[in-house]
Amino acid sequence: MAASPDQFRGHARLPHFAAPLRYDLRLRPDLAACTFTGAAAIAVVVSAPTRFLVLNAAELDVDRASIRFQDLAPTDVAQFDEDEIMVISFDRELPFGEGVLTMDFTGTLNDQMRGFYRSKYVYNGESRNMAVTQFEAADARRCFPCWDDPAFKAKFKLTLEVPSDLVALSNMPVAKETVSGLTKTIYYEESPLMSTYLVAIVVGIFDYIESSTSEGTKVRVYTQVGKTNQGKFALDVAVKSLDLYKDYFATPYPLPKLDMIAIPDFSAGAMENYGLVTYRDTALLYDELLSSASNKQQVAITVAHELAHQWFGNLVTMEWWTHLWLNEGFASWVSYLAVESLFPEWNNWTQFLDETTSGLRLDALAESHPIEVEVNHASEIDAIFDSISYDKGASVIRMLQSYLGAECFQKALASYIKKYAYSNAKTEDLWVVLEEESGEPVKDLMTTWTKQQGYPVIYAKINGHDLELEQAQFLSDGSSGPGMWIVPVTACCGSYDAQKKFLLKDKMDKINIKEFSDSQSADGEKNQIIWIKLNIDQTGFYRVKYDDELAAGLVNAIKAKKLSLMDKIGIVEDSYALSVACKQTLTSLLRLLNAYNDESDYTVLSHVTSVCLSISKITVDATPDLNKDIKQLLINLLLPAVIKLGWDPKDGESHLDVMLRSLLLTALVRLGHNETINEGVRRFHIFFEDGKTSLLPPDTRKAAYLAVMRTVSTSSRSGFDALLKIYREASEPQEKSRVLGSLSSSPDQDIVLEALNFMFTDEVRNQDSFYILGGISLEGREIAWTWLKENWDHVLKTWKSSSLISDFIESIVPRFTSEEKAVEVTEFFAGQVKPSFERALKQSLERVRISARWIESIRSEPKLGQTVQELLQADA
């Protein structure tokens, strides 16, 4: 029986008997009709006997009569929609060597923010469409038929036909341009070898500003007309980052130009397309008068992240999506390196612990996944763009760099980039290069961190002169998994002068304290409990559980200001995680928090406030009678720092203090502190009447908006309407997102419902739904769940990308804390789970059950009420 096209169905990847060398693409988008036509001529090398060509195509109408390979016409063309492939059959085996495959096709400029799509903007008062591409992970196939797999690198030569008055950009500079009446044809230079997911096109009306790197590479930021001043900050960061990376990777920037452009409808934060990086407005634009300090930081980190990809990802590309973390973990890690160098006063490596924390929190779930995850179908790829690939990925890189040393690590990375430039690499390839450079067992060490999910908690206890260590897999549900790791352990005793560094390879080990204790401090502080800190500066991706004596020593060290910022963060985060997992009591966590009562550093307090808000939420369900007192205790903890900062900015204060003010005022509003709420409302009313007032600068607006929403109800809704008015009149996306993030935070269920329904109107872009979802008040969770059930079909139809659908589940389901609710949610989704949100649903349900278990444990703590009263009296 003759082989049939069906043999190619159901495979994760395309067969390798033919591969593209070069794409010659001609595209003509019609922005009014929202369609496009295209023609492709693809140089293909046939390297094994076959009478088929198999490539990807999705949502394209390919003109079968136009298909030729050399002079052969196909006998059959089959498109398998669920596999997103096209199988072209011929009546004879294809000649070996190079041939050209040609075809014509048409498609739709869709509204799903993937493939070749349309985004709405306003120009001269009227609404217009721009045409934009977003191809990562597997959506180039929605724009042109191709081998849409990162390993099939090829050269691309694009030609675009567009209206003469529009700007049309692609990865490469323009080679020539011809104009015929109202249409112009733009021919772009041929690109170097690159993967399909990095091809990019943007067509619309834009202004730009430009600058150059020290090597003379032209860098531009494109914005909507009239907004170029908001691109200056990003342009400056871009030019400096390119210079820094060129030196760090010891390889010049690979392309002749770099364009960065702000897109109003954009599902991710940004996309590193080779030479044409696309961003959502809020990730690229910064306005001195309208943006907050945290917006500024976000822009710097995002730009540095995307430009790191020009080397790590674009020049050297992962061989398959299993190795996605090589792209994302690295770009995340190195973006902090760049921003630390550009803005040392931001204390950026300490802020990196935000990434580590979110990685640790997700990876403590049984429903987490390894960094290197098997991908069996294109539909599964989107779901791995998560905190494991990015945050855990970046954190284990920081751990490895700190173990091997910065210089050795940098040298190895530079050799890796040189060795694999213009080709593809797997995770193992990087380990081999690092091993050669360092002489350390990198592969054995790192495989334990990338091929198995989870991480260890290290139990530390003192026995005589020995510090005994034991590792076990840490899970938030309190169980212990089977994992074992090779752990780079660091330790210090009494001071940071003497440090011990070694690999914990077995389940248990012990070290003699004399090996790393600072003998002077041991003698000079006889009357104090000596402190020992493991995982110095939290460079390791693990948690530590200290015995009572060691824990008490650390509390004293915090009070005596002996510890680094990073270590203070590590202790509070580990303690909180151990409490959630019922490995220590909430009572002891509250006592520990009390040691931070005169902390004034933003980086530490950002973790402390996040822990405080979690405690406040869980105790509403766990101990309703104690909740008011616990909230008061947490307010007392944060109040001294707030009183010192006040509401009004001070001349010459640091960037971090500006961020701290915003963080603390917002936290006090959420904790129900009446004075802060009243002051926020007072300032809001003045601001609402006079937008130019200095009483409410961008940094404190979020706190005021939340304060207003805490006072809104169906019978007194003027604050809600006022915020909607601000939203409608704001042209600045960062201001719009501040309003959206507060609309659903009212204690009144009907107002929450109105905010959720507002998301379905055309006043809110689909990309911005997560702001409203993220703000839902605890009082609004029940109505939000009812709303989600009633509108689930609409959500699935409207939000196509995995990350956006997942937002709906992850914002609503984990707010519940009972086994009954977990069962109800499971029953609702039974039989209708799709790969795009399956992982999000499982993780959310696991979070509900973890909370339920934590609540049981809190209720059984005998000394909780008494401790709360003691601590309150101590504050009085």
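The values are calculated or read from the model by the stated rules, or taken from the named source; none is laboratory data. For clarity, every value in this text was computed on a predicted model and none was experimentally measured. As a convention, Cβ positions derive from the backbone with ideal geometry for all residues, glycine included, and neighbour counts pool all protein chains shown. Accessible surface areas use protein heavy atoms only, side chains included; no ligands, DNA or RNA. Shrake-Rupley method; radii C 1.70, N 1.55, O 1.52, S 1.80 Å.
Peptides 621-633, 700-712 ranked from most to least packed, by the mean per-residue count of other Cβ atoms within 10 Å: 700-712, 621-633. Computed packing ranks the peptides 128-134, 478-484, 837-843 as 128-134, 837-843, 478-484, most packed first, by mean other Cβ atoms within 10 Å. Multiplying the residue separation of K501 and T761 by 0.36 nm and removing their Cα-Cα distance gives an extension gain of 87.9 nm. Full extension of the segment from N512 to L193, taken as 0.36 nm per residue of separation minus the current Cα-Cα distance, would add 109.4 nm. The residues packed around A308, meaning those with a beta-carbon under 11 Å from its beta-carbon, carry a net charge of -3 if Lys and Arg are +1 and Asp and Glu are -1. Across the protein chains, with a 1.4 Å probe defining accessible surface, the residues R26, R815 rank R26, R815 from largest area downward. Using the Cβ of I571 as centre and a radius below 13 Å, the other residues enclosed give a net charge of +2, where K and R count +1 and D and E count -1. Against the criterion of solvent-accessible heavy-atom surface with a 1.4 angstrom probe, Y23, Y546 sort, most first, into Y546, Y23. Gap in Å between the Cα centre of segment 604-676 and the Cα centre of segment 192-267? Using only Cα atoms to place each centre, the spacing works out to 39 Å. Maximal additional length on extending the V620-I686 stretch stands at 20.4 nm, based on 0.36 nm per residue less the C-alpha distance.
Highest average first, the peptides 747-756, 4-13 ordered by how many other beta carbon atoms sit within 10 Å of their residues are 747-756, 4-13. Net charge of the neighbourhood of D391, taken over other residues with C-beta under 14 Å away and scored Lys/Arg +1, Asp/Glu -1, is -3.
Taking the Cα centre as origin and putting +1 on Lys and Arg beta-carbons and -1 on Asp and Glu beta-carbons, what dipole magnitude results for the chain, to the nearest 20 debye?
480 debye
Matching the structure-derived Rg/Rh (Cα atoms, Kirkwood Rh) against the labelled list (1) 0.99; (2) 1.09; (3) 0.97 gives the label (3). In this view, the solvent-accessible surface of E675, computed with a 1.4 Å probe and all protein chains in place, comes to about 140 Å². Remark: for residue pairs K650/K736; K392/K568; K218/K451, the C-alpha separation exceeds 30 Å in K218/K451.
How high is the relative contact order of segment 551-611, given as a whole-number percent (alpha carbon pairs under 8 Å, six or more residues apart)?
Relative contact order, segment 551-611: 43 percent.
The heavy atoms of H369 offer some 0 square angstrom of accessible surface to a 1.4 angstrom probe. Considering Cα pairs under 8 angstrom that are at least six residues apart, work out the relative contact order of the chain and quote it in whole percent. Computed over the chain, the figure is 8 percent. Per-residue ellipticity at 222 nm, computed for the chain from helices alone with -39500 (n - 2.57) per DSSP H run of at least four residues, works out to -13500 deg cm²/dmol. Selection among Q112, Y123, I772 by position relative to the dipole of the chain gives Y123 as farthest towards the positive end (Cβ unit charges, Cα centre). Given a 1.4 Å probe and the protein chains as shown, D429 ends up with an accessible area of around 40 Å². For S66, the residues whose modelled amide H falls within less than 5 Å of its own, excluding neighbours fewer than 5 places apart on the same chain, are D104.
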